[in-house]
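Here, each number is a calculation from the coordinates, and none is a lab measurement. These figures come from a predicted structure and were not determined experimentally. Glycine also receives a Cβ, built like all others from the backbone with ideal geometry; neighbour counts cover every protein chain displayed.
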Amino acid sequence: MHLRSFFVRTAFLQVVGIFFLWGVLIFWLTFYYLPDSGEKSLDQQLQSISQGIADMSEDIDEGKGNYVKFVYDFENMFIKAIDTGLNNGFNYRPLIAVFDKQNQLIYTSPDTMSDVIRTLPNNKMSGVLDYAGDRWHIFGSMSKNQNYRVIVGETHSDRAVRLGSPVGLTAIPLAIILGTIVLTILFTAYYSLRPLSMTAKMIASRQPGNFTAIEVKDQYQEIRPIIIEINQLMARIEAADMREKRFMADAAHELRTPIAAALAQLHLLAQLQNWEERQEVIEDMQRGLDRAASLSRQLIDISRLESDSFTLKVGPVDVYDEIGKCIAFYAPYGLKKGINISLEGDKHVVIDTDGQSLNVTLSNLLDNAIKYGNHGGMIEVHLQSYAPIGCKITIRDDGPGVSAEHRSTLFERFFRVPGVIQGGSGLGLAIAYCLTQKIGGNLLVTQGLGNRGIGFVIDLPQSISS
């Protein structure tokens, strides 16, 4: 399986996002912001030059060629400044023209520009003029006393050379900024993921079987849910591991006695010669092995119940009929001890539950009542419907009962009431309790018949999901 890097993925997505935004920025700078701002800057420059010449025109004597020389020198100074700034051998030639208040041309740039001047309307001050396949940007100003009109202009091709390439002017600074941002992203992505890698190393360094909660010194909001889920998972694994160990220890302890007894009886059987004595030992072995087999089945049942993989087969179950089937099965065992089993209450009580689980629960309770009941005793089963909420099954006997001090531990595994002669595995009630919980019900202890014995109440919902 190919393992992908979360760091690479995060950094890649961030870098791609930055490049996309950077492309949008470059596009906007190249085609909108820089050309527009550059055009405005050059327009303001030409407007300032025309206004400067116009403002000084009133203070210069127009005679003796002083004024023409002033404008000529000013134009050459302007051209030299532009050529020096470009420093690329470009021959910049602007248009400068001065008109008096009678609109007579006093000064114009070299003769090559005279045709452009003739196309200017008398009242033309500023704007764009198309001439000889080129576009002229024209800006004009009037002197303070309105005696002079000064026109300054340049061709669009000259302006393009002056502006240069916006991308070329900004490429290097933008590239440096972009590189700095990418490095910053990689640096921050790496260090922002360090808590995750440190947590992974801490988990990897733990010894097998260590299910204690992970303690992270600096818990971050993004990692905290993962740590919580891992701790909860380890708690469940630890609980399952403890159940497994406890189950193995209990099973070994409970099976050891019947197996040891069977081995002892087997050795005794090998030494006996009398047939009747041998037959008696064989019967004892049979009872012991039957008990071991029953115990092993119950151990398997309770192991399945305590596992997370236990599944239910839910469907409509007639509770009255199910109780009747269990009573019919255990009636012969009750007759051997003269125990009468009765069923009373509501009939045709149908709920949605797991019929097999309910059957096993009832069987364990009836088996206990018969096994520990008195000869000639009574077992009473009563069914009461609480539709549409559910129903209640009450099983009571008049046997020896259980003292109040031991009732709280009746549903624990391998619990046996002290002083009881009849042997049992101590798993029947534990299985009944687990199954009742599995099908959404509750198993409670109550009083027996005639202030004697013991009773159990099974509360069942109308459906497991309710």
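Values for this structure:
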item	result
Exposure proxy order (Cβ contacts within 10 Å, fewest to most) of Trp136, Trp275, Trp22	Trp275, Trp22, Trp136
Listed pairs Lys392/Lys438; Lys245/Lys336; Lys69/Lys101; Lys80/Lys101; Lys245/Lys337; Lys336/Lys438 exceeding 28 Å between Cα atoms	Lys245/Lys336; Lys80/Lys101; Lys245/Lys337; Lys336/Lys438
Long-range HN-HN contacts of Tyr131 with modeled amide H, under 5 Å	Trp136
Taking Val150, Val161, Val381, Val24 and counting other C-beta atoms within 10 Å, the order from fewest to most	Val24, Val161, Val381, Val150
Nonlocal amide H pairs with Gly401, under 5 Å, H built at 1.01 Å	Gly453, Ile454
Interchain or long-range residues, amide H under 5 Å from Gly345's placed H	Leu383
Exposure proxy order (Cβ contacts within 10 Å, fewest to most) of Ile49, Ile18, Ile177	Ile177, Ile18, Ile49
Peptides ranked, highest mean first, by Cβ atoms within 10 Å: ranges 92-102, 202-212	92-102, 202-212
In Hz, Karplus ³J(HN,Hα) per residue of segment 431-441 (6.51, -1.76, 1.60; θ = phi - 60°; x = Gly, Pro)	5, 4, 5, 4, 5, 4, 5, 4, 8, x, x
